[in-house]
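First the structure, in the form of structure tokens, and then the observations on it.
The values are calculated or read from the model by the stated rules, or taken from the named source; none is laboratory data. This structure is a prediction, so every number in the text was calculated from the model and none was measured. Cβ placement follows ideal geometry from the backbone for every residue including glycine, while neighbour counts extend to all protein chains displayed.
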Amino acid sequence: MRYEMAHLARGMVTSVDGRRFVPRTDTVLADPRLAAAIERLGRARVKEAVAHAQQQARAGQISPDAVAEVAVAGLPPAASSLTPVLNATGVLLHTNLGRAPLSAAAVAAMTAAAGYTDLEFDLAAGTRGRRGRGALAALAAAVPAAEAVHVVNNNAAALVLAATALAAGREIVVSRGEMLEIGDGFRLPELMASTGARLREVGTTNRTALADYRSACGPDTGFVLKVHPSNFRVEGFTAQVTVAELATLGVPVLADIGSGLLARHPLLPDEPDAGSWLRAGAALVTASGDKLLGGPQAGLIFGQAALVRQLARHPLARALRVDKTTAAALEATLTGPPVPLATALAAGEPSLARRARQLATRLAAAGLDAQAVASTAVVGGGGAPGVSLPSAAVSLPAGLASPLRSGQPVRSGQVPAVVGRTEGGRLLLDLRAVPPGQDELLAAAVLAAKDPALCR
């Protein structure tokens, strides 16, 4: 871009390079909008946006007067690159979308714990206190059958800690039908073998009997591992051994329920819970915090006091412990109001259908091909395999899928990303995992995907 300046200079018109008018960096940073952004995003990130805008001006792509405006427009909405998402997939616990959404109480607890806090300090006595005692007390109260509890950073960590503390150099007896892959290529046999324990496989893929376990158990047995197949089902000619039966073998039984259900749930009658398996005789039960419990990522350990103490005092436990914000969120999840996952599970089909009709009507009035349709949701995330949940969805043209996920309004932080699923050449936005209070936000995101100018 070159700006023509007409002036008398020996009777000639002189052309002046417009790049000379690109504002200095300190001048642009003095813009109130960018000064405020420095507090929110940090100086380096804001300077990077300013430098990019200045380069555009030097290349003649924008006017020098527009540098500040373009820099502001190029700033990310937050210091983190994570993007808020409305989960309209119909999968309540979507691993790729962060599994369980936290409750407002858990979010507030994490914020309160973000600064200095009495995580490991007794304020009354002025001395060191038990780390995360509030979360541990809440966890123990939620599962009275447990003599003791412990928390690590995820369920795989709970299994690794147990195998290392109880079976390193010894055998873990497990059914071949429970040698599962837990996701992203990580397999239970390899996870257990990494601890120095040896796996003793018994039975077959579809049938394992108590006699198989009995013949494998001996002086070198660290424990028997019972794994709930929370991400698949085997049907037909099958047989498996219950926790109560395994408890008669005379060796500790470690039961991995995986999905994090602490007590029986009427909608999930076939899903094992921590309390039931402890009462059936399991010495230890492990579970995830960010699945059916609806809390933060954590590995929950319940069981006999002596064994839990042995795990908690093992050197590896230090490497696997949770931070203060996780402890705070876990306690708030256990003691606070119902979590979003519980609300989503309990949502009635008539209310979901009514919401779908209202959204479809609104979007159709804006010129979109929107229809309310019946849908089917699932729990997902390694929980309640085979359980279908009647739901309702808004059906839209499939071409909206991409702009809803990553269009300009999403990238600029004006609306959240929306992730649905494609069926029969249409985009379905299933409402079971979308809280009713976010219907307006969902509508705004769809309208912005149709016409990004609506967000300007």
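Under 8 Å by Cβ, and 6 or more places apart or on different chains, what pairs join a residue from region 225-245 that is over 21 Å from G260 (Cβ atoms) with one that is modelled with pLDDT under 90 and of a type in the set (S, T, Y)?
Listed pairs, sorted by first residue: V234/T205.
For region 179-191, state whether one or more residues are touching a residue at least 60 places away in the same chain (Cβ under 8 Å), out of contact with any Lys or Arg (no Cβ under 7 Å at 6 or more places or on another chain) and crowded, with 16+ Cβ neighbours inside 10 Å.
Checking region 179-191: at least one residue is touching a residue at least 60 places away in the same chain (Cβ under 8 Å), out of contact with any Lys or Arg (no Cβ under 7 Å at 6 or more places or on another chain) and crowded, with 16+ Cβ neighbours inside 10 Å.
From the list A78, A124, which residue is modelled with pLDDT under 95 and not assigned by TED's automatic domain parsing to the domain that holds D430?
A78
Can you name the residue in region 87-137 that is among the β-branched types (V, I, T) and without any contact (Cβ under 8 Å) to a residue 60 or more places away in the chain and is also nearest to T333 (Cα to Cα) among such residues?
Here the answer is T111.
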